[in-house]
1. Which of the numbered conditions does residue 49 fail, given that it passes all the others? Conditions: (1) surrounded by 17 or more Cβ atoms within 10 Å (Cβ to Cβ); (2) within 16 Å of the ligand (Cβ to nearest atom).
2. Checking residue 103 against (1) part of a helix (DSSP H, G or I); (2) farther than 22 Å from residue 2 by Cβ; (3) within 16 Å of the ligand (Cβ to nearest atom), which single condition isn't satisfied?
3. Of the residues that sit in region 36-46 and are within 13 Å of the ligand (Cβ to nearest atom) and in contact (Cβ under 8 Å) with a residue 12 or more places away in the chain, which one is surrounded by the fewest Cβ atoms within 10 Å (Cβ to Cβ)?
4. What number of residues in region 1-28 are under 13 Å from the mean Cα position of the chain (by Cα) and at pLDDT below 90?
5. Among the residues of region 22-56, write down those that are in a helix (DSSP H, G or I) and over 15 Å from residue 105 (Cα atoms).
6. From the list 71, 78, 93, exactly one residue is in contact with a helix residue (DSSP H, G or I) (Cβ under 7 Å, 6 or more places away or on another chain), surrounded by fewer than 18 Cβ atoms within 10 Å (Cβ to Cβ) and either closer than 17 Å to residue 14 by Cα or at pLDDT 90 or above (or both). Which is it?
7. Of 58, 33, which residue is away from the ligand (no atom under 16 Å from the Cβ) and modelled with pLDDT of 90 or more?
8. Would you be able to say whether some residue in region 10-18 is closer than 23 Å to residue 117 by Cβ, part of a loop (DSSP other than H, G, I, E, B) and in contact with a strand residue (DSSP E or B) (Cβ under 8 Å, 6 or more places away or on another chain)?
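The values are calculated or read from the model by the stated rules, or taken from the named source; none is laboratory data. The shown structure was predicted, so the numbers you read here are calculated from the model rather than taken from an experiment. Cβ sites come from the backbone with ideal geometry, for glycine too, and all protein chains shown count toward neighbours.
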Ligand SMILES: [Zn+2]
(Lines give C-alpha, C1' and ligand atoms only; values in the text may rest on other atoms or scores of the structure.)
Protein backbone atom coordinates (compact mmCIF):
# COMPACT_ATOMS: atom_id res chain seq x y z
CA UNK A 1 0.00 0.00 0.00
CA UNK A 2 1.27 3.43 -0.97
CA UNK A 3 -0.91 5.43 1.42
CA UNK A 4 -1.30 5.24 5.19
CA UNK A 5 -3.25 2.22 6.41
CA UNK A 6 -6.98 2.96 6.37
CA UNK A 7 -6.69 5.70 3.73
CA UNK A 8 -9.62 5.36 1.33
CA UNK A 9 -7.26 5.73 -1.64
CA UNK A 10 -5.94 2.25 -0.76
CA UNK A 11 -9.39 0.98 -1.68
CA UNK A 12 -10.27 3.39 -4.50
CA UNK A 13 -7.16 3.32 -6.71
CA UNK A 14 -6.66 -0.48 -6.85
CA UNK A 15 -10.50 -0.96 -6.72
CA UNK A 16 -10.47 -3.16 -3.59
CA UNK A 17 -12.99 -3.83 -0.81
CA UNK A 18 -13.77 -0.58 1.09
CA UNK A 19 -13.81 -2.39 4.45
CA UNK A 20 -10.64 -4.53 4.41
CA UNK A 21 -8.81 -3.03 1.37
CA UNK A 22 -7.82 -6.62 0.44
CA UNK A 23 -10.69 -8.42 -1.29
CA UNK A 24 -11.58 -7.84 -4.93
CA UNK A 25 -14.49 -5.47 -5.59
CA UNK A 26 -15.29 -6.28 -9.23
CA UNK A 27 -16.13 -9.64 -10.81
CA UNK A 28 -13.54 -9.21 -13.57
CA UNK A 29 -10.72 -6.76 -14.42
CA UNK A 30 -11.93 -3.28 -15.46
CA UNK A 31 -11.31 -3.74 -19.19
CA UNK A 32 -12.91 -7.16 -19.40
CA UNK A 33 -16.11 -6.44 -21.30
CA UNK A 34 -17.83 -9.77 -20.64
CA UNK A 35 -19.10 -8.49 -17.28
CA UNK A 36 -18.73 -4.74 -17.61
CA UNK A 37 -17.57 -3.42 -14.19
CA UNK A 38 -19.93 -5.81 -12.41
CA UNK A 39 -19.59 -5.57 -8.62
CA UNK A 40 -19.23 -8.84 -6.66
CA UNK A 41 -22.01 -9.68 -4.21
CA UNK A 42 -19.63 -9.77 -1.23
CA UNK A 43 -15.98 -9.52 -0.27
CA UNK A 44 -14.05 -12.81 -0.51
CA UNK A 45 -11.77 -11.66 2.33
CA UNK A 46 -13.97 -10.02 5.02
CA UNK A 47 -17.41 -11.16 3.78
CA UNK A 48 -18.76 -7.60 3.49
CA UNK A 49 -22.02 -7.45 1.53
CA UNK A 50 -21.27 -4.89 -1.22
CA UNK A 51 -24.90 -4.03 -1.94
CA UNK A 52 -26.84 -2.37 0.89
CA UNK A 53 -30.06 -2.45 -1.16
CA UNK A 54 -31.20 -3.36 -4.69
CA UNK A 55 -29.78 -1.01 -7.35
CA UNK A 56 -27.36 0.33 -4.75
CA UNK A 57 -24.82 1.42 -7.37
CA UNK A 58 -27.26 3.59 -9.38
CA UNK A 59 -26.15 6.50 -7.20
CA UNK A 60 -22.60 6.12 -8.48
CA UNK A 61 -23.69 7.75 -11.75
CA UNK A 62 -23.54 11.13 -9.98
CA UNK A 63 -19.90 10.45 -9.23
CA UNK A 64 -19.13 9.21 -12.74
CA UNK A 65 -20.76 12.40 -14.07
CA UNK A 66 -18.46 14.48 -11.89
CA UNK A 67 -15.38 12.52 -12.95
CA UNK A 68 -16.46 12.77 -16.60
CA UNK A 69 -16.82 16.56 -16.42
CA UNK A 70 -13.45 16.89 -14.68
CA UNK A 71 -11.80 14.78 -17.40
CA UNK A 72 -13.54 16.79 -20.15
CA UNK A 73 -12.25 20.06 -18.70
CA UNK A 74 -8.74 18.63 -18.23
CA UNK A 75 -8.71 17.18 -21.76
CA UNK A 76 -9.82 20.45 -23.36
CA UNK A 77 -7.19 22.42 -21.41
CA UNK A 78 -4.43 19.94 -22.34
CA UNK A 79 -5.45 19.66 -26.01
CA UNK A 80 -5.56 23.47 -26.34
CA UNK A 81 -2.21 23.72 -24.59
CA UNK A 82 -0.67 21.20 -27.01
CA UNK A 83 -2.17 22.57 -30.24
CA UNK A 84 -1.92 26.20 -29.06
CA UNK A 85 -5.10 27.20 -30.94
CA UNK A 86 -8.65 26.56 -29.87
CA UNK A 87 -10.44 24.26 -32.28
CA UNK A 88 -13.88 23.09 -31.25
CA UNK A 89 -13.67 20.04 -33.52
CA UNK A 90 -10.22 18.95 -32.28
CA UNK A 91 -11.23 19.47 -28.65
CA UNK A 92 -14.44 17.52 -29.18
CA UNK A 93 -12.61 14.61 -30.82
CA UNK A 94 -9.97 14.59 -28.06
CA UNK A 95 -12.67 14.53 -25.34
CA UNK A 96 -14.56 11.71 -27.07
CA UNK A 97 -11.39 9.64 -27.47
CA UNK A 98 -10.30 10.11 -23.86
CA UNK A 99 -13.77 9.35 -22.47
CA UNK A 100 -14.10 6.25 -24.67
CA UNK A 101 -10.73 4.92 -23.56
CA UNK A 102 -11.20 5.76 -19.87
CA UNK A 103 -14.93 4.94 -19.79
CA UNK A 104 -14.72 1.52 -18.10
CA UNK A 105 -12.21 2.80 -15.54
CA UNK A 106 -14.37 5.87 -14.76
CA UNK A 107 -17.34 3.54 -14.29
CA UNK A 108 -15.44 1.27 -11.91
CA UNK A 109 -13.93 4.24 -10.08
CA UNK A 110 -17.34 5.82 -9.51
CA UNK A 111 -18.67 2.56 -8.03
CA UNK A 112 -15.77 2.09 -5.63
CA UNK A 113 -15.96 5.77 -4.57
CA UNK A 114 -19.70 5.34 -4.00
CA UNK A 115 -19.04 2.23 -1.88
CA UNK A 116 -16.39 4.11 0.10
CA UNK A 117 -18.98 6.74 1.05
CA UNK A 118 -21.07 4.06 2.78
CA UNK A 119 -18.47 1.61 4.12
CA UNK A 120 -15.63 2.35 6.51
CA UNK A 121 -12.22 0.71 6.80
CA UNK A 122 -12.11 -1.81 9.64
CA UNK A 123 -8.62 -3.23 9.31
CA UNK A 124 -7.91 -6.96 9.32
ZN1 LIG B 1 -13.31 -6.98 2.40
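1. Of the numbered conditions (1) surrounded by 17 or more Cβ atoms within 10 Å (Cβ to Cβ); (2) within 16 Å of the ligand (Cβ to nearest atom), the odd one out for residue 49 is (1).
2. The number of the failed condition is (3).
3. Per the criteria, the residue is 44.
4. Counting residues in region 1-28 that are under 13 Å from the mean Cα position of the chain (by Cα) and at pLDDT below 90 gives 0.
5. Across region 22-56, the qualifying residue is only 56.
6. Selected residue: 71, the only one of 71, 78, 93 that is in contact with a helix residue (DSSP H, G or I) (Cβ under 7 Å, 6 or more places away or on another chain), surrounded by fewer than 18 Cβ atoms within 10 Å (Cβ to Cβ) and either closer than 17 Å to residue 14 by Cα or at pLDDT 90 or above (or both).
7. 58
8. Yes: region 10-18 contains one or more residues that are closer than 23 Å to residue 117 by Cβ, part of a loop (DSSP other than H, G, I, E, B) and in contact with a strand residue (DSSP E or B) (Cβ under 8 Å, 6 or more places away or on another chain).
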